[in-house]
């Protein structure tokens, strides 16, 4: 098992840093049907000809099952959290933030990699195959976060590392 986390651009607007203490949840631990594919999806990796799906696919030998969870990247500009940990955030529409969530922040994508082929009989510990979700709490050093956003994401440069 492993994970990869990407910070990306999802809007055309210049990105702002997450404010210190921002909290959010992507996906739903209570989902009993497939979630919106822009929030969660399953696949077998980029080198395998198995389409993204809301359901756990069966991966060919040598491929690992992957769960993608994508966080919203538009903030209301005021609230660090909300009662449902979601309402203060929104997903972009057409690469633009909605007017009630005007601040564009980095889009986080979490990819969990499972060393199994998938198929029937597998489920997440949160219940079933549809309950994919993740939490984010901004505890970044704000100065370093702002620097990375400026020199990487806003400059259109890939600054990633693998670990």
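Taking region 141-163 as the range and being surrounded by fewer than 16 Cβ atoms within 10 Å (Cβ to Cβ) and either on the phi > 0 side of the Ramachandran plot or under 17 Å from the mean Cα position of the chain (by Cα) (or both) as the test, the residues that pass are 156, 160.
One line per residue, one yes/no per condition, for (1) surrounded by fewer than 21 Cβ atoms within 10 Å (Cβ to Cβ); (2) in contact with a strand residue (DSSP E or B) (Cβ under 7 Å, 6 or more places away or on another chain):
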{"residue": "24", "(1), (2)": "no, yes"}
{"residue": "29", "(1), (2)": "yes, yes"}
{"residue": "37", "(1), (2)": "yes, no"}
{"residue": "49", "(1), (2)": "yes, no"}
{"residue": "53", "(1), (2)": "yes, yes"}
{"residue": "74", "(1), (2)": "no, yes"}
{"residue": "94", "(1), (2)": "yes, no"}
{"residue": "100", "(1), (2)": "yes, no"}
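Restricting attention to region 51-60, the residues that are within 12 Å of residue 119 (Cα to Cα) and assigned to a loop (DSSP other than H, G, I, E, B) total 5.
Within region 83-100, how many residues turn out to be assigned to a loop (DSSP other than H, G, I, E, B) and either within 24 Å of residue 34 (Cα to Cα) or modelled with pLDDT under 95 (or both)? Total meeting the criteria: 10.
Under the condition of being in contact with a strand residue (DSSP E or B) (Cβ under 9 Å, 6 or more places away or on another chain), part of a loop (DSSP other than H, G, I, E, B) and closer than 16 Å to residue 41 by Cα, the residues counted in region 121-158 number 7. Scoring residue 127 on the criteria (1) free of Cβ contacts under 8 Å to residues at least 60 places away in the same chain; (2) over 21 Å from residue 6 (Cβ atoms) leaves a single failure, condition (1).
The numbered conditions (1) at pLDDT below 95; (2) under 16 Å from residue 135 (Cβ atoms); (3) in a loop (DSSP other than H, G, I, E, B) are all true for residue 31 except (1).
Screening region 64-79 for residues that are under 8 Å from the mean Cα position of the chain (by Cα) and part of a strand (DSSP E or B) and picking the one that is farthest from residue 128 (Cα to Cα) gives 70.
The values are calculated or read from the model by the stated rules, or taken from the named source; none is laboratory data. Since the model is a prediction, treat every value here as computed from it, not as a measurement. Methodologically, a virtual Cβ is constructed for each residue, glycine included, from the backbone with ideal geometry; neighbour enumeration extends over all protein chains shown.
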